[in-house]
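Down below is the structure, laid out as structure tokens.
The values are calculated or read from the model by the stated rules, or taken from the named source; none is laboratory data. Because the structure is a prediction, the values reported are computed rather than measured. Positions of Cβ are generated from backbone atoms using ideal geometry, with glycine treated the same way; all protein chains shown enter the neighbour counts. These accessible areas exclude ligands, DNA and RNA; they are computed on the full protein's heavy atoms, side chains included. Shrake-Rupley method; radii C 1.70, N 1.55, O 1.52, S 1.80 Å.
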Amino acid sequence: MPFLSIIVPIYNTEPYLNMCLDSILRQEFVDFELILVNDGSTDNCSVICDEYAEADTRITVIHQANSGAVSARKAGLSAAKGQYIGYVDSDDWIEVDMYKSLCNAARDFDVDIVICDIVENYPLQEVKRAQLVAPGLYRKDRLKKEVYPIMLYSGEYYRFGLFPSLSNKIFKRDLLEKNLFDVDEKICMGDDAACTYPSLFDAESIYILENQYLYHYRQHTASMTASYDQLFFNKILILYEQLKVLKHRKADLVPNFTEQLQYYFTYLMIAAVNNEMNRFNYKRLHEKRIFIKKMLIHEAFHESLHTIRMTNMPLKSKAYIWLLRKKQILLLFMLNRINRWISDCKGLIPTFTKRKGAYQHEN
């Protein structure tokens, strides 16, 4: 039985897959199995997976019809034999000592989750990002006092206390089994959060490494992935229903969890509005206005929009929220167009989106 099972869900990432897999196989930590889940890729990913499996006995390949990231993660977990589980997105890569550092901490402290910091890799630069929760060992009492109150909302708008990503962490297998299999497979926006935060609530202990920037997120710029997603709003609602259940289950652990969710969903609502105003949405303006107004009356977003405080928000977010509260949709379109024009003039691309919605950051 290996100490660690590393699972890589794969869908049409042929240009990046070799770099990802090579970074895993070069790990200084060697007591692992590698499970590749080819989720119905239509490029050469399936061939690449089989070639790697033929060359290394630690590798197992699962081929399945395209079912989404959550389904692929579940398939990998079902096949895993390790005491701990780690995930790597197939367009990312990791430092050579990542799993040595994570697994050494897991052995030393016998904790349920170990976490490292990340590096966001943009086309022309990289940015190191640390957890806002301080490094160190957290048992349950300390989790309740110092982690849970700022887990989704740290006091600054859309700044997590702990990143929602599965990929910069390792989990004890039984903890992950308890939570991942409950995640709705229709979730493809915020799917990491739907598993990571319930797991953190159920954890008896975690350890956060200090100044260990070991996981590289390849950030795809908006110009490379620009598209309009007509199902975006529905995807958010599925995530809302999943986390609403969590809110009721864990109310005793986190008295302010409702407030944290409200800030989280307000950000998602702004993302949904921006999606509707996407230049590749070819609906008429009147149809866009009707759809945005429909979003605004939904229970989850109406409550969040009118409850949150705007004190610590960026100016642009404050403007968006004020206009949404007033239902000034035309002015919102004008603001969006101005922001886009300013960005184009400066040669900037203000939004970067992690593939599959696992992790997002807005400058």
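Listed values, structure above:
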quantity	calculated
Top-ranked residue of region 52-82 - restricted to ones that are of a type in the set (Ser, Thr, Tyr) and over 17 Å from Asn179 (Cα atoms), ranked as most open to solvent (accessible area, probe 1.4 Å)	Thr57
Hey, Arg129 basic (Lys, Arg), more than 26 Å from Asp31 (Cβ to Cβ), in contact with a strand residue (DSSP E or B) (Cβ under 7 Å, 6 or more places away or on another chain) and open to solvent by 40 Å² or more (accessible area, probe 1.4 Å) or not	yes
Residue among Pro135, Pro123 that is more than 26 Å from Phe265 (Cα to Cα), at pLDDT below 90 and over 15 Å from the mean Cα position of the chain (by Cα)	Pro123
Of all residues in region 242-277 being of a type outside the set (A, V, I, L, M) and farther than 23 Å from Met313 by Cα, the one that is modelled with the highest pLDDT	Gln242
Residue satisfying condition, being part of a helix (DSSP H, G or I) and at pLDDT 95 or above, within set Gly82, Gly76	Gly76
Residue satisfying all of: in region 293-303; open to solvent by 10 Å² or more (accessible area, probe 1.4 Å) and of a type outside the set (Val, Ile, Thr); nearest to Ile342 (Cα to Cα) among these	Lys293
Residues located in region 60-81, provided they are polar (S, T, N, Q), without any contact (Cβ under 8 Å) to a residue 60 or more places away in the chain and farther than 16 Å from Phe32 by Cβ	Gln64, Asn66, Ser78
Any hit, region 29-41, residues being in a helix (DSSP H, G or I) and open to solvent by 20 Å² or more (accessible area, probe 1.4 Å)	no
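Okay, residues lined up against (1) over 30 Å from Val245 (Cα atoms); (2) of a type in the set (S, T, N, Q); (3) at pLDDT below 80; (4) buried (at least 16 other Cβ atoms within 10 Å of the Cβ):
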position: Leu285; (1), (2), (3), (4): yes, no, no, no
position: Phe291; (1), (2), (3), (4): no, no, no, yes
position: Leu305; (1), (2), (3), (4): no, no, no, yes
position: Ile308; (1), (2), (3), (4): no, no, no, yes
position: Asn312; (1), (2), (3), (4): no, yes, yes, no
position: Leu324; (1), (2), (3), (4): no, no, no, yes
position: Pro350; (1), (2), (3), (4): yes, no, yes, no
